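For reference, the structure discussed in these notes is given below.
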Amino acid sequence: RAREIVVVCRSGSRSVLAAHSMNVLGYANVASLKTGLRGWKDDEQPLIDLAGNAVDPEAADDYFTPRLRPEQRRPAVAV
């Protein structure tokens, strides 16, 4: 729980909530990337994975795009 953690989402909105929740749960060193992935890309900052390899910004944006699972979708209306 003392390990440094940076929470990232697409826009920075969900990650700040997640970081706060982790703080409440006792994680002591949690931060949220304020600008989110989109702001990082807009500032033309490099994206690098843990192994030090460059990450394609478009692939990262697609990864962070929210998708609804089938059970989260509204039921079809019977006609």
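If the only charges are +1 at each Lys and Arg Cβ and -1 at each Asp and Glu Cβ, what is the size of the charge dipole of the chain around the Cα centre, to the nearest 20 debye?
540
Considering amide H positions built from the backbone, and no H for Pro or chain starts, which residues 5 or more places from R10, or on another chain, come under 5 Å of its amide H?
L37
Report P(r) for the chain: all Cα-Cα distances, bin width 5 Å, range 0 to the bin holding the largest distance, values in whole percent.
Spelled out bin by bin, the chain gives 3, 14, 17, 18, 16, 13, 8, 4, 3, 2, 1, 0 percent.
How much mean residue ellipticity at 222 nm does the chain get from its helices, if each DSSP H run of length 4 or more adds -39500 (n - 2.57) and you divide by all residues, to the nearest 500 deg cm²/dmol?
Mean residue ellipticity, 222 nm, calculated: -9500 deg cm²/dmol.
Around R38, under 15 Å between beta carbons, what's the net of Lys plus Arg minus Asp minus Glu among the other residues?
Computed value for this residue: -3.
Round to the nearest 10 and report in Å² the accessible area of R10, as given by a 1.4 Å probe over the protein chains' heavy atoms.
About 50 Å², rounded to the nearest 10.
Taking H placed 1.01 Å from N in the peptide plane, check which residues at least 5 places from L47 or on another chain put their amide H under 5 Å from its amide H.
V55
Would you tell me the accessible area of D61, worked out with a 1.4 angstrom probe on the heavy atoms of the protein chains, in Å² to the nearest 10?
Rounded to the nearest 10, the figure is 20 Å².
With contacts defined as alpha carbon pairs under 8 Å and 6 or more residues apart, what's the relative contact order of the chain in percent?
Reported as a whole number, the value is 27 percent.
What does the charge add up to near A54, with Lys and Arg as +1, Asp and Glu as -1, over the other residues with Cβ less than 14 Å from its Cβ?
-3
Identify, among L37, S11, G52, the residue whose Cα sits farthest towards the positive end of the charge dipole of the chain, taking +1 on the Cβ of Lys and Arg and -1 on the Cβ of Asp and Glu, with the dipole about the Cα centre.
Sorting the options by dipole projection puts first S11.
The values are calculated or read from the model by the stated rules, or taken from the named source; none is laboratory data. The structure presented is a predicted model; accordingly, all values stated were derived computationally and were not measured. Neighbour counts run over all protein chains shown; Cβ positions are idealised from the backbone, glycine included. Areas reflect the complete protein model, heavy atoms only, side chains present, ligands, DNA and RNA absent. Shrake-Rupley method; radii C 1.70, N 1.55, O 1.52, S 1.80 Å.
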